[in-house]
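The values are calculated or read from the model by the stated rules, or taken from the named source; none is laboratory data. Nothing here was measured: the structure is a model prediction, and the numbers come from that model. Using ideal geometry, Cβ is built from the backbone for each residue, glycine included, and neighbour counts are taken over all protein chains shown. We work out accessible area using only protein heavy atoms, side chains counted, and drop any ligands, DNA or RNA first. Shrake-Rupley method; radii C 1.70, N 1.55, O 1.52, S 1.80 Å.
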Amino acid sequence: MAKVTIYDVARAAGVSASTVSRAFSRPGRVSNATALRIRAVAEELGYRTEPLVAHQATSRQRTSTIGLAVSDITNPFFFGIIRGAESAAFRLGQGVMLVDAAESVRVERTMLEHALPLIDGLVVGSSRLDDTHLRQLAKEIPVIVLNRVVNGLPSIIADNARGMRRAIEHLAVLGHRVIWYAAGPDASWANGARYRALREASLELDIVEHRVGPYPPTVQGGAQAADALLERGARAVIAYNDLMAIGVMRRLQAKGVRVPQDVSVIGFDDSFGSDLVTPGLTTVAA
């Protein structure tokens with residue numbers, strides 16, 4: 001018979017794994033009714049707690065560890081955020097636990113549930129979780145959200161509207177009157193904010209805007225966007241992020257299309273690598 005785990009109990013009781021963990025290690029932080037239900041389910045399933053290191057960590061009042069969740073650790077945009085968080089935490093005598101969502105809501109949710117009993121607070125960078133789930137996390141531990149606005153939670157964002165307007169103004173100076181947006185993930189708050197800003201600025205500047213996507217926020221995603229842009233005869237493109245913009249450039253060049261002579265391409269974030277391509281990528285610094 002397979003061993004019953006904390007996740008089996010959580011599913012059967014209709015709660016998170018972190019709630020099950022607290023029901024056994026920190027009873028005062030779980031309502032009496034919930035704790036009784038969890039213990040009854042655990043007994044029915046034959047679950048027994050064990051003195052594992054992870055469980056011991058949850059019994060401490062504090063862990064001196066801050067969680068940092070990013071949507072994709074391979075995206076250079078997060079390099080500075082990770083280094084900055086680690087530097088700030090070190091100065092405060094704290095450690096950082098990194099959670100990589102790999103652009104997956106399921107992975108992000110699962111990894112955060114694993115990490116929750118082991119951290120004192122959480123910084124969420126470009127989460128793909130919905131607002132309700134993030135607010136639920138904030139009931140467990142302090143949460144700060146980056147690159148997104150969530151009502152009721154402290155949020156830090158870039159000025160997407162101003163950055164997008166500057167990008168459109170730049171293209172307008174070059175003589176473009178039609179601009180295409182290569183969209184990133186629908187679940188990205190920044191993607192929606194940037195597209196809304198593009199539409200508003202285009203209306204004010206009498207620019208015609210179009211959109212292709214959504215696509216993965218990667219170089220390959222940008223290559224897919226480039227194929228669609230070529231079919232539509234696009235001459236000016238603003239990509240959701242730098243990785244997509246680089247993918248657009250590379251695919252266009254592989255097809256014999258010159259950048260920027262034939263097609264103007266602008267990225268977003270000014271992340272590492274944007275100056276390593278030829279020609280150097282025009283990008284909005286976030």
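Only residues that are open to solvent by less than 80 Å² (accessible area, probe 1.4 Å) and outside any strand (DSSP E or B): list them for the range 133-151, please. Please lay out each step first, then the result.
Of all residues in the range 133-151, those open to solvent by less than 80 Å² (accessible area, probe 1.4 Å) come to 133-134, 137-138, 140-141, 143-150.
The answer is H133, L134, L137, A138, E140, I141, N147, R148, V149, V150.
Only residues in the range 69-87 that are at negative phi count as the first member; pair them with residues that are polar (S, T, N, Q) and assigned to a helix (DSSP H, G or I), Cβ under 9 angstrom, at least 6 apart or cross-chain, and list the lot.
Qualifying pairs under 9 Å: none.
I'd like the full set of residues that are open to solvent by less than 70 Å² (accessible area, probe 1.4 Å) and without any contact (Cβ under 8 Å) to a residue 60 or more places away in the chain, limited to the range 190-200.
N191, G192, A193, Y195, A197, L198
Tally time: how many residues in the range 26-45 are open to solvent by 60 Å² or more (accessible area, probe 1.4 Å) and at pLDDT 80 or above?
Here the count works out to 5.
Of all residues in the range 59-88, which are part of a helix (DSSP H, G or I) and open to solvent by less than 80 Å² (accessible area, probe 1.4 Å)?
The answer is S59, F77, F78, G80, I81, I82, G84, A85, S87, A88.
I'm trying to understand the selection: among the residues of the range 122-132, which are among the polar types (S, T, N, Q) and assigned to a helix (DSSP H, G or I)? Working first, answer last.
Of the residues in the range 122-132, the ones among the polar types (S, T, N, Q) are 126-127, 132.
Residue satisfying the conditions is T132 alone.
Going through R91, R48 one at a time, which residue ends up being modelled with pLDDT of 85 or more and either of a type in the set (S, T, Y) or exposed (fewer than 13 other Cβ atoms within 10 Å of the Cβ) (or both)?
Details: R48 fails: modelled with pLDDT of 85 or more.
Matching residue, one of R91, R48: R91.
Do you know which residues across the range 202-236 are out of contact with any Leu (no Cβ under 7 Å at 6 or more places or on another chain) and among the polar types (S, T, N, Q)?
Hits for the range 202-236 are S202, Q220, Q224.
Name the single residue that is least open to solvent (accessible area, probe 1.4 Å) among those in the range 94-113 being closer than 13 Å to R128 by Cα and assigned to a loop (DSSP other than H, G, I, E, B).
That would be A101.
Keeping to the range 153-162, report how many residues are in a helix (DSSP H, G or I) and either open to solvent by less than 10 Å² (accessible area, probe 1.4 Å) or in contact with a helix residue (DSSP H, G or I) (Cβ under 7 Å, 6 or more places away or on another chain) (or both).
At the first step, the residues of the range 153-162 found to be in a helix (DSSP H, G or I) are 160-162.
This time we only want the ones that are either open to solvent by less than 10 Å² (accessible area, probe 1.4 Å) or in contact with a helix residue (DSSP H, G or I) (Cβ under 7 Å, 6 or more places away or on another chain) (or both), so: 160-161.
Matching residues across the range 153-162 total 2.
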